[in-house]
1. Can you report the number of residues in the stretch 216-243 which are open to solvent by less than 20 Å² (accessible area, probe 1.4 Å), part of a helix (DSSP H, G or I) and touching an Asp or Glu at 6+ places or on another chain (Cβ under 9 Å)?
2. Restricting to the stretch 18-35, name every residue that is surrounded by fewer than 17 Cβ atoms within 10 Å (Cβ to Cβ) and part of a helix (DSSP H, G or I).
3. Just to verify a result, which residue in the stretch 314-328, among those that are surrounded by 16 or more Cβ atoms within 10 Å (Cβ to Cβ) and part of a loop (DSSP other than H, G, I, E, B), is farthest from the chain's Cα centre (by Cα)?
4. Only residues that are basic (Lys, Arg), within 30 Å of Leu347 (Cα to Cα) and either at pLDDT 85 or above or over 26 Å from the mean Cα position of the chain (by Cα) (or both): list them for the stretch 262-306, please.
5. Taking into account only those residues within the stretch 38-54 that are exposed (fewer than 12 other Cβ atoms within 10 Å of the Cβ) and touching a residue at least 40 places away in the same chain (Cβ under 8 Å), which is farthest from Leu90 (Cα to Cα)?
6. Let me confirm something: among Ala111, Ala117, which residue is within 16 Å of the chain's Cα centre (by Cα) and either crowded, with 20+ Cβ neighbours inside 10 Å or aromatic (Phe, Trp, Tyr) (or both)?
7. Only residues that are part of a loop (DSSP other than H, G, I, E, B) and open to solvent by less than 20 Å² (accessible area, probe 1.4 Å): list them for the stretch 65-95, please.
8. Look through the stretch 152-190, keep the residues that are charged (D, E, K, R) and surrounded by 14 or more Cβ atoms within 10 Å (Cβ to Cβ), and return whichever of them is modelled with the highest pLDDT.
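The values are calculated or read from the model by the stated rules, or taken from the named source; none is laboratory data. Bear in mind the structure is a predicted one, so any value in this text is a computation, not a measurement. Every residue, glycine as well, gets a Cβ built from its backbone with ideal geometry; the counts of neighbours run over all protein chains shown. Quick note on the areas: whole protein, heavy atoms, side chains included, nothing else; ligands and nucleic acids left out. Shrake-Rupley method; radii C 1.70, N 1.55, O 1.52, S 1.80 Å.
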Amino acid sequence: MKKSIVFLKQQKGKWLWAVVAVLFCALLQEYVFPFVLVIACFKLVSLKKISFSWLGVPAVFLLSFAAWQAVGLIYTGSFVSGLASIGIWLGAFFAFLMINSAVDSAVKLDAVMFAGAISGGVAGGIGVMQMVLYHYGELIHPSLKYFFNPFWHSIDNFVADIAINHLLPGFIRQHIQRTEFIAIITRASGTFTNPVMFAVFLTMMLPLAFYCMFYLNGKGKKFIGFVCAVLIAGGIAASYSRGPYLAIAAVFVVLLFYGGKRALALIGVGAVGIAGVAVFASGVFKRLLTLFSAKDISVNTRSQIWKACFEMLDGHLVFGYGTGVNNVREQLHGTYGIEQPHAHNILLQITLENGIIGLLIFIGSFIAFGITMIMLMRRGKKARGIAVTLTACLVAFCACGMTDHLLYGLKPVCYMMMLFGMGAAALRVYKPKSE
């Protein structure tokens, strides 16, 4: 604690708003955290310093995707939904600018990554608590079984009732598909409103916890990293989200590029973790094995959705149906009788909305990021650890996106942009002296 206080005194300044944003955005409500992000961006982002070299190639792709989304508004059948999609993307892009502006030293980069690990640990711990209460809370009081899952549910519905039914004008209200926040009490949602988005966030933060374990100085920080990794893994397990379960495997494969003793330690941690789940949470394996069941509703539904979506691509492969989730939703509902909101695959959804051109631009941003991380990894030592970690974080996002559409999730997109920002900042921080 004393070291942390000394650090804050030495490193005080506006940049700490970036730490606050990374730490709290996932823990606050979806309608509250944007205000924290706005304040942080207002404090940190200077439009005068933005240039191609400062942004980096991945960010240029991210902005190009927004520009192509804007083109999709010209021919979309759902203008309001399209505007919302662009708004989410550009709003989250300011998270990239914020991190890129705030981080100009190795110490600050470590602090931001440490904040991400702690945020994941706290959220994961809440998720574990929710499932413990679901199974045993009624022994104390019946309402404890579901009252805290999702964590903000009671406040969320109160705010939704006031905002939607009393404040929003009718022409906007008619485009809102749901007037209440969902609550799936049999699966942990943490501080999110959806167990899948909760698990996606945790899967993205897991590599940051391992980074703290292996690369930060001080036994205290390493121990906190370990605790956060355990809580994050517990939260993912408690979400019963099979896509993120599989994404963890991809994350571990990438993290093995730490190399040496760290890779061996990671294998050991993974083996112990799997054994622990088998002993104390066997339901996780049962949930995962239902992927191979012909009677599983979720698997069958996705199969129907993907079959319908491939049919929908006929004649719309190049440009898609236009920006906006509602374009796909209305087709699934009206033409195919599938009561689902989207394609349940990020690549399919983007192609249906913005065509193969939009998909290539989107994929290009991740390929460009991967190339820059390879450049960073070649600088060795700690730079290698940062490159592998951030790559694993974004691999987690992409892997989770294979079974769900993530771009309408405010928090996952926001943290995805923050990770892009950390990558851009790391390239500058660990720039060779010769350059």
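1. 1
2. Listed by number, the residues that qualify are Val20, Phe35.
3. Among those residues, the one meeting the criterion is His316.
4. Of the residues in the stretch 262-306, the ones basic (Lys, Arg) are 262, 286-287, 295, 302.
Narrowing the set further to residues that are within 30 Å of Leu347 (Cα to Cα) leaves 286-287, 295, 302.
Result: Lys295, Arg302.
5. Checked the stretch 38-54; the qualifying residue farthest from Leu90 (Cα to Cα) is Lys49.
6. Unique residue meeting the criteria: Ala117.
7. Of everything in the stretch 65-95, just one residue is part of a loop (DSSP other than H, G, I, E, B) and open to solvent by less than 20 Å² (accessible area, probe 1.4 Å), namely Ser78.
8. Going residue by residue through the stretch 152-190, those that are charged (D, E, K, R) are 156, 161, 173, 178, 180, 187.
If we keep only those that are surrounded by 14 or more Cβ atoms within 10 Å (Cβ to Cβ) too, we end up with 156, 187.
Numbers: Asp156: 82, Arg187: 91.
Ranking the candidates gives Arg187 first.
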